[in-house]
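First the structure, in the form of structure tokens, and then the observations on it.
The values are calculated or read from the model by the stated rules, or taken from the named source; none is laboratory data. Since this is a predicted model, take the numbers as computed values, not measurements. Cβ atoms come from the backbone with ideal geometry, glycine included; neighbour counts cover every protein chain shown. Quick note on the areas: whole protein, heavy atoms, side chains included, nothing else; ligands and nucleic acids left out. Shrake-Rupley method; radii C 1.70, N 1.55, O 1.52, S 1.80 Å.
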Amino acid sequence: MAEACKCAPGSAPGRPENILVTGGAGFIGSHTCVALLSTGYSVVIADNFSNSSPSALDAVRRITGRDLVFYETDVTDASAVRRIFSENRIDGVIHFAGYKAVGESVEKPLSYYRNNLLSTIVLAGACVEHGVPRFVFSSSATVYGDNKPPFVESMPLLPAANPYGETKAVCEKILADTVRSCSGFSASLLRYFNPVGAHESGLLGEAPNGIPNNLMPYITRVAKGELKELSIFGNDYDTPDGTGVRDYIHVMDLAEGHIAALRNAPCGLSVYNLGTGKGTSVLQLVTAFERATGVSVPRRIAARRPGDIAVCYADAGKAERELGWKTHRTIEDMCRDSWRFEKNRCV
Ligand code: UFG
């Protein structure tokens, strides 16, 4: 027998749609909350601050001039999630909360599988139980594995190089199966490329704890003098300048992609790449940063980082055709906005 399903499409007329954002204090989550509140949605945020801080919520309030409902909650906790759904009328869920450090996932696979899969199961279950029709999932280009870029949504998923990537692929499958079992439940799987940049106010941005793993926060900390130099992981890849190529996307473009998915994705299961469709090498990004900010970034060539692929960029056509969404911020915007936030950051 199919699992009980009370999903019914449609929202309540005359009141703003209310979106539950898990991980709403995190980097992409907080920028998406800004985009949601600025376009008239109401938000309920669930976050346990495992990799974020309350200051992001203050920044969201300050930028938008709007309030939000907040629960300091771990969304793997089914009874806490049930409470959120019974205390609020939820029209849709955007699920960002999750562990996301590739290297750490190799060391702690069980915590990654437990946290990332269980949160998705608990939230999808709550949607089915409470008749919430729309779910947007924070997936990753990492699910394409060793496919040949540009990555297209119709490609078969290949095993990811690490447990983090596998959790994204399994969560996609969990949601696809839930959509199939419940006619009123729709899910959009959004595969992010490399989000960078910050809100243009300089109040909100990416503030990883400790030494950053990702390229842009590492560059900004070197530029600020907090780290000595950038290590460029390999200059012998089969790319124009030998350094790795990625599809960097401004976090506000990415945030707006979520609004487009909420508004325009078809019923049922839908999958979209959120990227620019353009590749930029590590050296090109460093040079663009120096040009956009006037600050130099000392660097040296180091060995390749295990698990890295040479080239990763999106075919971004499907999101444009079906969601009417495309990016419009440039690499210079990404560098300038990342730097503005880094200069303001005091923790
Ligand atoms: N790089 C350096 N030096 C650094 C950090 C990174 O040269 O100090 C290089 C990497 O080798 C790579 C590029 O910069 O060529 C981008 O690396 P990031 O760590 O910023 O991003 P990745 O492409 O490795 O991974 C990111 C996310 C993953 C996600 C993936 C999706 O961190 O969570 O994009 O494509 F799965």
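Quick notes on this one:
- Within the range 140-151, tally of residues that are more than 9 Å from the ligand (Cβ to nearest atom), of a type in the set (S, T, N, Q) and touching a residue at least 12 places away in the same chain (Cβ under 8 Å): 0
- The range 123-158 - residue that is part of a helix (DSSP H, G or I) and open to solvent by 30 Å² or more (accessible area, probe 1.4 Å) and, of those, nearest to PRO195 (Cα to Cα): THR142
- When residues of the range 298-313 are limited to those that are more than 14 Å from ALA161 (Cα to Cα) and in a loop (DSSP other than H, G, I, E, B), the one nearest to the ligand (Cβ to nearest atom): ARG304
- Any chance GLY197 is within 14 Å of the ligand (Cβ to nearest atom), among the small types (Gly, Ala, Ser) and open to solvent by less than 10 Å² (accessible area, probe 1.4 Å): yes
- Residues located in the range 159-181, provided they are among the hydrophobic types (A, V, I, L, M, F, W, C) and either in a strand (DSSP E or B) or under 14 Å from TYR113 (Cα atoms) (or both): ALA160, ALA169, VAL170, CYS171, ILE174
- Qualifying residue in the range 255-264 (condition: touching a residue at least 60 places away in the same chain (Cβ under 8 Å) and under 21 Å from LYS148 (Cβ atoms)): no
- When the range 209-245 is filtered for residues that are surrounded by 16 or more Cβ atoms within 10 Å (Cβ to Cβ) and part of a loop (DSSP other than H, G, I, E, B), the ones remaining, listed by number, are PRO212, ASN214, LEU227, GLY234, ASN235, TYR237, THR239, GLY242, THR243, GLY244.
- Only listed residue being open to solvent by 60 Å² or more (accessible area, probe 1.4 Å), of a type in the set (A, V, I, L, M, F, W, C) and modelled with pLDDT of 95 or more, chosen from LEU20, LEU110: LEU110
- Matching residues in the range 93-106 - criterion: being within 13 Å of ASN213 (Cβ to Cβ) and either open to solvent by 30 Å² or more (accessible area, probe 1.4 Å) or more than 10 Å from the ligand (Cβ to nearest atom) (or both): TYR99, LYS100, VAL102, GLY103, GLU104, VAL106
- Taking (1) touching an Asp or Glu at 6+ places or on another chain (Cβ under 6 Å); (2) farther than 30 Å from ALA187 by Cα in turn, GLN284 satisfies each apart from (1).
- Restricting attention to the range 309-347 and to residues that are open to solvent by 50 Å² or more (accessible area, probe 1.4 Å) and of a type in the set (Val, Ile, Thr), the residue that is farthest from ASN273 (Cα to Cα) turns out to be VAL347.
- Residues of the range 256-297 satisfying the condition of being open to solvent by 60 Å² or more (accessible area, probe 1.4 Å) and within 13 Å of the ligand (Cβ to nearest atom): GLN284
- For the range 69-107, the set of residues classified as hydroxyl-bearing (Ser, Thr, Tyr), over 22 Å from CYS171 (Cα atoms) and part of a helix (DSSP H, G or I) consists of SER86 only.
- Selection within the range 175-194 - buried (at least 17 other Cβ atoms within 10 Å of the Cβ) and either aliphatic (A, V, I, L, M) or within 15 Å of the ligand (Cβ to nearest atom) (or both): LEU175, VAL179, ALA187, LEU189, LEU190, ARG191, TYR192, PHE193, ASN194
- Unmet requirement for THR120, which otherwise passes all of (1) touching a strand residue (DSSP E or B) at 6+ places or on another chain (Cβ under 7 Å); (2) within 29 Å of SER201 (Cβ to Cβ); (3) assigned to a helix (DSSP H, G or I): (2)
- Those residues of the range 246-255 which are within 16 Å of the ligand (Cβ to nearest atom) and open to solvent by 10 Å² or more (accessible area, probe 1.4 Å), in sequence order: ARG246, TYR248
- Within this structure, SER79 fails the test of being open to solvent by 30 Å² or more (accessible area, probe 1.4 Å) and touching a residue at least 12 places away in the same chain (Cβ under 8 Å).
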